[in-house]
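A.B. asks: Attaching a single structure in structure tokens format; questions to follow.
Just so you know, all these numbers are worked out from the coordinates, no wet-lab data involved. Remember, predicted model here, so these are calculated numbers, not experimental data. Virtual Cβ from ideal backbone geometry, glycine too; neighbours counted across all protein chains shown.
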Amino acid sequence: MDDNSFNAKYLAAFEEKKGWYDTVQLPKIQDNYRLHLVCVNNIFDALVKKSLINPDPYKKDKKISQITSPEDTSFSENERANVLGVRLSDYQSMIDFICNYTKFTVEQLTMDKVKRLLDLNATFGWTNLSPNSPKINTRSMAVCIASAKSGAQQIQIAMLNDSLNKTVEAMNFINAGLKDLAEFHKSVYKASVRKNVLANDSFDWSKATSESSMTAEIKRVYPTCMPKHSFNADLVHEIIEEELSESKATLQAQELAKFNIPMSAPKEKAKKTIDTHEVIMEIVRLLGTSGEQYQVIVEKLSNNNSVLQAQKNTGFKKFSRFLRKLFGIAEPDIEYTISITDNTTQQVKKEKLSFNEFFGNLAKRTKYYSAIVSPQSGVLAKIGAQQDARILEFLNKQAVENARLMQVLSALDDYFKTNASPLDRSKIKGIKPELSFVKSIMVKINQSKAEYIALIEEQEQMRKLGISK
């Protein structure tokens, strides 16, 4: 019958839209949360350096089991540094928890979790940071950021503004996506009723001839088919209207329209007009964007190394350092024994790392990547002057080196956290958010390289067939 026919169409369209959320939209929301976390960390560090906020000394001791929002109660101006420091630390930890321990699927992001996420996102009014905001957290954040910019160098102001602009873009995307998901959850419930109740063999369509009789039939089958779901009378009423009302054709069309998948920017087929050189240079530019994150990593590693070395700063070592300086003897190399995990076998092996050499090479890589995106450096032009095959070799080499670098940096991050004394542990600055962001860049680079290679191969086939020159 027609009713059953629409039920089948509805469920098929729903599954397609759900698949789009799980594989396209929600991963994008997660990526924007990761970008937001990096920006928040940059803002946090900038405010700490200016002594505008104080980090939460008990941050490491706080355990997170579910998504909650920091407090928003009032506090005095004298308490701002401590209270805002704790709340921003809590916010950081919660966003980190979301990025690394939350599954971004329709099934896992229930209505309750979506509401919690939206509440958390509203902790600070990132899209409208104003000292006149009625919300104490937003107002205090705006005041601190204005103070951080006052008297700062232009490069520091630029970095702070960049983090703020990026986090606004990320929050706009996240909030819009979550609100759409909240609306979609109504369809999740209705699809569940249609699948488990209306499509169930025990549901008698011959008894569903009026609103009251169909309601009664749904209620009869509901407890058996959906025992863990509370009965939503409003949404069940919508289902009945879609099946029995005089305007059901219009309502059905409207329901199916909700499952239309947004069109992404159309990918043009390979044509003679596509500049493959520009395609591969765009990948090089993408590589350059990792320089900003590596710069933060360099600063944090320098800090963490200083913390560990200070622990060993005994009287004898001070005297030895004095003698070396007096006689012009170079400082001995710093070695750390780190644990590297093989991504393929998951085996862990110990390696001795020359920190001075590693740090120097990392700093050079950071400057080089940053120079790629700097119009004044000319580095991009030098790379672009090479043949595409050489540029691809360059990108392949960078991919291999960065994969190894990610392993070492992750192991070094664990080493600093493990070997810092209990008193100094709060001084250690983790680099996991920056590593996560760099990894996402590398994943995108590998995907783009694969698309580039496919484009080249397609064009070669077209030439062989005489379709294009």
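A.B. asks: Using Cα-Cα distances under 8 Å and only pairs 6 or more residues apart, what relative contact order does the chain have, in percent? Write out the running numbers ahead of the final one.
C.D. replies: Working: 408 pairs, mean separation 79.3, N = 469.
Over the chain, the number comes to 17 percent.
A.B. asks: May I have the extent of the alpha carbons of the range 33-192 along their three principal axes, as whole Å values ordered from largest to smallest?
C.D. replies: Largest first, the range 33-192 extends 58, 32, 29 Å along its Cα principal axes.
A.B. asks: Estimate the FRET efficiency between residue 229 and residue 176 by the formula 1/(1 + (r/R0)^6), using the beta-carbon distance for r and 30 Å for R0, to the nearest 0.05. Mind dumping the intermediate values first?
C.D. replies: Values: r = 28 Å, r/R0 = 0.92.
For R0 = 30 Å, the calculated efficiency reads 0.65.
A.B. asks: On to the next question. Relative to the Cα centre, what is the charge dipole magnitude of the range 372-431, using +1 at the beta carbon of each Lys and Arg, -1 at the beta carbon of each Asp and Glu, and rounding to the nearest 20 debye? List each step's numbers first, then the result.
C.D. replies: Details: 8 positive and 6 negative charges, 33 e Å.
Using Cβ point charges on Lys, Arg, Asp and Glu, the range 372-431 gives about 160 debye.
A.B. asks: Then there's this: How are the C-alpha pair distances of the range 1-72 spread across 5 Å bins, as whole percents from the shortest bin up?
C.D. replies: Histogram of Cα-Cα distances, whole percents per bin: 3, 11, 9, 15, 15, 10, 8, 7, 6, 5, 4, 3, 2, 1, 0.
A.B. asks: How high is the FRET efficiency between residue 49 and residue 220 when r is their beta carbon distance and R₀ equals 51 Å, given to the nearest 0.05?
C.D. replies: 0.15
A.B. asks: Could you give the dipole magnitude of the range 338-469 about its Cα centre, charging the beta-carbon of Lys and Arg +1 and that of Asp and Glu -1, in debye to the nearest 20? Working shown, then result.
C.D. replies: Numbers: 21 positive and 14 negative charges, 60 e Å.
That gives the range 338-469 a dipole magnitude of about 280 debye.
A.B. asks: Can you give the angle from 0 to 90° between the axis of helix 154-193 and the longest principal axis of the chain, with both taken from C-alpha atoms, to the nearest 10?
C.D. replies: 20 degrees
A.B. asks: Which residue, chosen from 415, 164, 64, occupies the Cα position most advanced towards the positive end of the dipole of the chain, where the dipole is computed from +1 (Lys, Arg) and -1 (Asp, Glu) charges on Cβ about the Cα centre?
C.D. replies: 415
A.B. asks: Per residue, how big is the convex hull around the C-alpha atoms of the chain? Give it to me in cubic angstrom, could you?
C.D. replies: Values: hull volume 114.0 nm³, N = 469.
Convex hull of Cα atoms, per residue: 243 Å³.
A.B. asks: Something else about it: Using DSSP to define loop residues, name the trypsin sites (Lys or Arg not before Pro) in the range 7-44 whose beta-carbon has at most 14 other beta-carbon atoms within 10 Å.
C.D. replies: none
A.B. asks: Using the alpha-carbon atoms, what tilt in degrees (0 to 90, nearest 10) does helix 276-288 show relative to the longest principal axis of the chain?
C.D. replies: Compared with the principal axis, the helix lies near 60 degrees.
A.B. asks: Within the range 40-63, which residues have the backbone N less than 11 Å from the label spot 7 Å out from residue 79 along Cα→beta-carbon, could you tell me?
C.D. replies: Of the residues in the range 40-63, none has backbone N under 11 Å from the label point off residue 79.
A.B. asks: Same structure, new question: Indicate the gyration tensor shape class of the range 133-246 (rounded, prolate or oblate), computed on the Cα atoms with a ≥ b ≥ c the square roots of the eigenvalues: a/c under 1.5 is rounded; otherwise a/b larger than b/c is prolate and the rest oblate.
C.D. replies: Working: a/c = 4.61, a/b = 4.24, b/c = 1.09.
Because a/c hits 1.5 or more and a/b exceeds b/c, the range 133-246 counts as prolate.
A.B. asks: Write out the GluC sites (Glu not before Pro) in the range 49-98 meeting two conditions: DSSP loop, and at most 14 other Cβ atoms within 10 Å of their Cβ. Kindly include the intermediate steps, with their values, before the conclusion.
C.D. replies: On the way: sites: 71, 77, 79; in loops: 71.
Counting only loop positions with at most 14 other Cβ atoms within 10 Å, the GluC sites (Glu not before Pro) in the range 49-98 are 71.
A.B. asks: Would you mind pulling out the separation of the Cα centroids of the range 385-426 and the range 196-267, in Å?
C.D. replies: 52 Å
A.B. asks: Based on the Kirkwood radius over alpha-carbon pairs, what value in µm²/s does the Stokes-Einstein equation return for the translational diffusion coefficient of the range 385-466 at 37 °C and 0.692 mPa s? Could you put the intermediate results ahead of the total?
C.D. replies: Numbers: Rh = 15.7 Å.
The Stokes-Einstein estimate is 209 µm²/s.
A.B. asks: Relative to the longest principal axis of the chain, what angle (0 to 90°, nearest 10) does the C-alpha long axis of helix 26-49 take?
C.D. replies: That works out to roughly 40 degrees.
A.B. asks: Give, rounded to the nearest 20 debye, the magnitude of the charge dipole that the chain has about its Cα centre when Lys and Arg contribute +1 at Cβ and Asp and Glu contribute -1 at Cβ.
C.D. replies: Values: 65 positive and 56 negative charges, 449 e Å.
So the dipole magnitude of the chain works out to roughly 2160 debye.
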